[in-house]
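Reviewing the structure listed below.
The numbers here are math on the coordinates, done by the rules we state, and not lab data. The shown structure was predicted, so the numbers you read here are calculated from the model rather than taken from an experiment. Methodologically, a virtual Cβ is constructed for each residue, glycine included, from the backbone with ideal geometry; neighbour enumeration extends over all protein chains shown.
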Amino acid sequence: MKISKLEQQVKDCQKCELYKSRNNIVLGGGEVKSKIMLVGEAPGAEEDRQGKVFVGASGKLLDKMLSSIGLDRSKVYITNILKCRPPSNRNPRASEKDACIEHLREQYRIIQPKIIVLLGGIACKAILEKDFSLMRSHGEVTERKGTYFIPTFHPSALLRNANLKPLAYQDLKILRDLIAKENIL
């Protein structure tokens, strides 16, 4: 499947109630042939308004985070678990994550990343394990069927709690080193 076909499927999706309140779907963005995928939780208000991934305050911080290790957003693919914004930026419900996870799996099949950076606890719990503790296990690389997963803090969490920024930077250095080790980019 091509990303354009998946985008149309997501636009037509009515598997959960979020389609009723969205302005736009936010499938993802960046380099579709990248070996690096970043996965957050759900679009925010600005993302819903523009139909683009990570364009609000969290997106600006994410750009700075990537830049701190010599990466540019144009070199990676960025997406979320959910493709529609939950009302009032509330946490995604289990039924919404369940309804959207197949879209994420299809993105994975299309892009075939070698490294997936999980941004925040919701993404970690949806992909790694339901009782995942980000504070305990951030930066720990997990390998599954040839794909590496690196959990780190969501940029919005860093905006709310600057004390987490040094921990997130350590995680980004792990990403940088893994990129070099695997000769990606």
**Message:** Could you check region 17-42 and list, in sequence order, the residues that are in contact with a Pro (Cβ under 7 Å, 6 or more places away or on another chain) and either part of a loop (DSSP other than H, G, I, E, B) or over 27 Å from Leu185 (Cβ atoms) (or both)?
**Reply:** Leu18, Ser21, Val26, Ser34, Lys35, Glu41, Ala42
**Request:** For residues that are farther than 15 Å from Ser58 by Cβ and of a type in the set (Lys, Arg), scanning just region 77-101, find the one that is surrounded by the most Cβ atoms within 10 Å (Cβ to Cβ).
**Result:** Lys83
**Request:** Having 3 or more residues that are under 23 Å from Ser58 (Cα atoms) and without any contact (Cβ under 8 Å) to a residue 60 or more places away in the chain is the bar; report the helices (runs of 4 or more DSSP H) wholly within region 102-185 that clear it.
**Result:** 121-127, 134-137, 165-181
**Request:** For Glu31, state whether it is closer than 14 Å to Thr79 by Cα and either free of Cβ contacts under 8 Å to residues at least 24 places away in the same chain or surrounded by fewer than 22 Cβ atoms within 10 Å (Cβ to Cβ) (or both).
**Result:** yes
**Residues of region 69-92 satisfying the condition of being touching a residue at least 12 places away in the same chain (Cβ under 8 Å), part of a loop (DSSP other than H, G, I, E, B) and out of contact with any His (no Cβ under 7 Å at 6 or more places or on another chain)** = Ile69, Gly70, Leu71, Val76, Ile81, Leu82, Cys84, Arg85, Pro86, Asn91, Pro92
**Item:** Meets criteria (surrounded by fewer than 22 Cβ atoms within 10 Å (Cβ to Cβ) and under 17 Å from the mean Cα position of the chain (by Cα)) for Ser156
**Value:** yes
**Asked** Among the residues of region 43-68, which ones are under 18 Å from Ala162 (Cα atoms), in a helix (DSSP H, G or I) and either of a type in the set (A, V, I, L, M, F, W, C) or in contact (Cβ under 8 Å) with a residue 60 or more places away in the chain (or both)?
**Response** Ala57, Ser58, Gly59, Leu61, Leu62, Met65, Leu66
**Prompt:** If you scan region 4-37, which residues turn out to be under 28 Å from Ile179 (Cα atoms) and in contact with a Gly (Cβ under 8 Å, 6 or more places away or on another chain)?
**Reply:** Val26
**Message:** With the requirement that a residue be in contact with a Gly (Cβ under 8 Å, 6 or more places away or on another chain) and of a type in the set (Phe, Trp, Tyr), what does region 109-153 give you?
**Reply:** Phe132, Phe153
**Item:** Evaluation of Gln14 against (1) assigned to a loop (DSSP other than H, G, I, E, B); (2) free of Cβ contacts under 8 Å to residues at least 60 places away in the same chain; (3) surrounded by 15 or more Cβ atoms within 10 Å (Cβ to Cβ) (one fails), failing number
**Value:** (3)
